[in-house]
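Just below is one structure, and these are the notes that go with it.
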Amino acid sequence: MADKDKEEEKKIPLHVGIIMDGNGRWAKRRGLPRVMGHKAGMEALEEAIDNAHSLGVRYLSLYAFSTENWKRLPSEVAGLMGLFRLYLKNKIEKLHSRGARIRFVGKLEAFAPDIRNGVRFAEEYTRGNTEIDIIICVNYGGRQEIVDAVNCLLAAPPDGPVTEESLRSKMYAPDIPDPDLLIRTGGELRMSNFWLWEGAYSEYYFTDVYWPDFDRTELERALESYSGRERRYGTA
Ligand code: FPP
């Protein structure tokens, strides 16, 4: 088969989700404080958005802060909050100029008022953009999301039994298609409470590469792996 035909045959996932792990170890290897690893991770995030867009990914979701991350040392949590603020202040204009729509998913009420305002502004400002959707999961936990959806249904019970569709409609971002490919960097082989409901039929890709080193070549590798897989959704 000619290279061009092979290229045309490639399946590009509509929605890619990423667990950005390994920032701490990336920093440690360089004798730097952990927060410097997160800072490098924030730059890698910016690059990943550009790369995903140019490779044809339509939805990119990123696990930036889990419900469990509050248990880290106060200095690290404070460092991450500082980066969140920096991100909202410095990176939204560039995203907007590239036609990206940004959304934040998770229990946002836990964040300081200035962060919540920044989030609201970024979401409103980029709402009309259609090139790529960026979903940043912050204070997100998959189990919590399911519990919240159940409580929503209990608050206004549907006529008849609960169905997959009715439960799904109460998830945090029901209009976003389920992830086709979930990537975890940093060498651990677990999902750590990310997209538990939505990832039921996702393909998984794990790499030892630390998040700050996850460049275009690494993303291409993940997409290549996805492209070669056959998805059967439980059928024979
Ligand atoms: C996991 O690495 C990473 C995090 C808990 C934070 C991810 C945050 C960013 C990439 C930047 C922040 C961006 C925004 C928009 C807030 P780890 O610390 O668990 O690494 P380790 O396993 O090597 O210790």
Legend entry - Tally, over region 7-29, of residues that are small (G, A, S) and near the ligand (Cβ under 6 Å from one of its atoms): 2
Inset, instruction - Among the numbered conditions (1) of a type in the set (A, V, I, L, M, F, W, C); (2) within 22 Å of Y205 (Cβ to Cβ); (3) surrounded by fewer than 19 Cβ atoms within 10 Å (Cβ to Cβ), tell me where I19 comes up short. - result: (3)
Legend entry - Scope region 52-105; condition within 15 Å of the ligand (Cβ to nearest atom) and polar (S, T, N, Q); matching residues: S61, S66, T67, N69, S75, N90
Inset, instruction - Please tell me if V162 is part of a helix (DSSP H, G or I) and either more than 16 Å from the chain's Cα centre (by Cα) or loosely packed, with under 13 Cβ neighbours inside 10 Å (or both). - result: no
Inset, instruction - Would you be able to tell me the number of residues in region 182-219 that are surrounded by 13 or more Cβ atoms within 10 Å (Cβ to Cβ) and not in a loop (DSSP other than H, G, I, E, B)? - result: 13
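Bear in mind that the values in this text are calculations on the coordinates, not laboratory data. What you see is a predicted model, and the numbers here were worked out from it, not measured in a lab. A quick note on method: Cβ atoms are made from the backbone with ideal geometry, for glycine too, and the neighbour counts reach across all protein chains shown.
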